[in-house]
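Heads up, the thing below is written out as structure tokens.
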């Protein structure tokens, strides 16, 4: 472990960023209610043709969206909520058992990697209990699931554990991810990358982590990217599927720096 | 032992975004047990004593073969209701002459207390890291530039440390 922050990240920058994050977190729900995709328009200037065109395109495939708080945890929270929501709605025991075994194996991996079991078990058990309750039918509706995701004693622990789960997966499959880490970040080891960019709460994730999250959980995700750029293509909304060519089961809207959940028509 | 002490707020750093205090207290009680059981050499920490689990007092003994050998420094650790998802506020209450600690405020520049913090760290790992930082500073990003410049000259550095320590601890 290197001891001292060697980046140019000064304390005042850090504190300012923390304050910004906190004012944002207070203003929006952790996991919002479903709403019509039409409401997305209101976030943009009606004269912004470029974006309005993209929203028109989105509306053809999606009718409803759900906002997730933009506190740096949005991708992981949106991902976990979507995975759990599918378990609640489809009552697919095989999928539920699979996710639970992913959780259990990740705890073993973390312990083998030298992480403190006693500390991680606190977060693991909260998430494992949640998935167990879904399996046992104790969490019967998406509303109840939403309640659990905003519950003060659940909301942080489950996100925290997902961060470590993804970290374990990336470290164990380092060969696959290290070229991207070397190519797009200042980190030279998986360990440093995971500890700095992933394991801490409220850290925004990059595409490497998005990809690893899907691989770690065996889930296929489609991202619909809406930004202000004009693309030289008939299709204006850029679509990315993780893993490539797979049939997605969960869908997210990506706007630079933020993820929300989308629902197919 | 320290004749110089700083006022620290008594209440937890409560925020609207926190968990219920109960789960934080449970975790801190668990950490206290771990610290007692592990008996890490030169490291001690416990709640301040007026029933406030959110404010701890810690001591770190300087390691052998460092300029701090034989000295004991006090620190204050303040937890928020968002612990362990956010790092506690940790600072030296015994002034310490060290490149990465501000002499007057006791503020520590240590990555795991800032952007490298994760919930897998705890009081014990924080204190071990600070103890290790004492003997192995990062002179590239000093909070005390005078100390950083002097570090090369360990003999002189040791003298300054000894003199300053005797001033604040009342020892000759």
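The values are calculated or read from the model by the stated rules, or taken from the named source; none is laboratory data. Bear in mind that the values here come from a model prediction, so they are computed numbers and not experimental data. Every residue, glycine among them, receives a Cβ derived from its backbone with ideal geometry; neighbour counts consider all protein chains shown.
Annotations for the structure displayed:
- Sole residue being at pLDDT 95 or above and farther than 29 Å from residue B:78 by Cβ, chosen from B:150, B:133: B:150
- Search result, residues across the stretch B:108-124 that are facing chain A (nearest Cβ under 8 Å), surrounded by fewer than 20 Cβ atoms within 10 Å (Cβ to Cβ) and either at pLDDT 95 or above or within 15 Å of the chain's Cα centre (by Cα) (or both): B:114
- Residue B:105 meets the conditions (1) surrounded by fewer than 19 Cβ atoms within 10 Å (Cβ to Cβ); (2) touching a strand residue (DSSP E or B) at 6+ places or on another chain (Cβ under 9 Å); (3) closer than 18 Å to residue B:62 by Cβ in every case but one. The failed one is (3).
- Selection from the stretch B:35-51 of residues that are touching a strand residue (DSSP E or B) at 6+ places or on another chain (Cβ under 6 Å) and part of a loop (DSSP other than H, G, I, E, B): B:42, B:48
Residue by residue, here is whether (1) in contact with a helix residue (DSSP H, G or I) (Cβ under 6 Å, 6 or more places away or on another chain); (2) within 14 Å of chain B (Cβ to nearest Cβ); (3) in a helix (DSSP H, G or I) holds:
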{"site": "A:108", "(1), (2), (3)": "no, no, yes"}
{"site": "A:111", "(1), (2), (3)": "yes, yes, yes"}
{"site": "A:114", "(1), (2), (3)": "no, yes, no"}
{"site": "A:121", "(1), (2), (3)": "no, yes, yes"}
{"site": "A:126", "(1), (2), (3)": "yes, yes, yes"}
{"site": "A:129", "(1), (2), (3)": "no, yes, yes"}
{"site": "A:133", "(1), (2), (3)": "no, no, yes"}
{"site": "A:139", "(1), (2), (3)": "yes, no, no"}
{"site": "A:143", "(1), (2), (3)": "no, no, yes"}
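- The single condition from (1) more than 14 Å from chain A (Cβ to nearest Cβ); (2) within 24 Å of residue B:28 (Cβ to Cβ); (3) surrounded by 20 or more Cβ atoms within 10 Å (Cβ to Cβ) that residue B:87 fails is (1).
- Any hit, the stretch A:158-169, residues being modelled with pLDDT of 95 or more, part of a helix (DSSP H, G or I) and either away from chain B (no Cβ under 14 Å) or touching a strand residue (DSSP E or B) at 6+ places or on another chain (Cβ under 8 Å) (or both): yes
- Residue in the stretch A:197-211 that is within 13 Å of chain B (Cβ to nearest Cβ) and in a helix (DSSP H, G or I) present: yes
- Residue check, residue A:206 without any contact (Cβ under 8 Å) to a residue 40 or more places away in the chain and either surrounded by 15 or more Cβ atoms within 10 Å (Cβ to Cβ) or farther than 30 Å from residue A:53 by Cβ (or both): yes
- Hits in the stretch A:1-53 (condition: within 13 Å of chain B (Cβ to nearest Cβ) and modelled with pLDDT of 85 or more): A:28, A:29, A:30
- Restricting the stretch B:137-163 to residues that are assigned to a loop (DSSP other than H, G, I, E, B) and crowded, with 18+ Cβ neighbours inside 10 Å leaves a set whose member that is nearest to the other protein chains (Cβ to nearest Cβ) is B:138.
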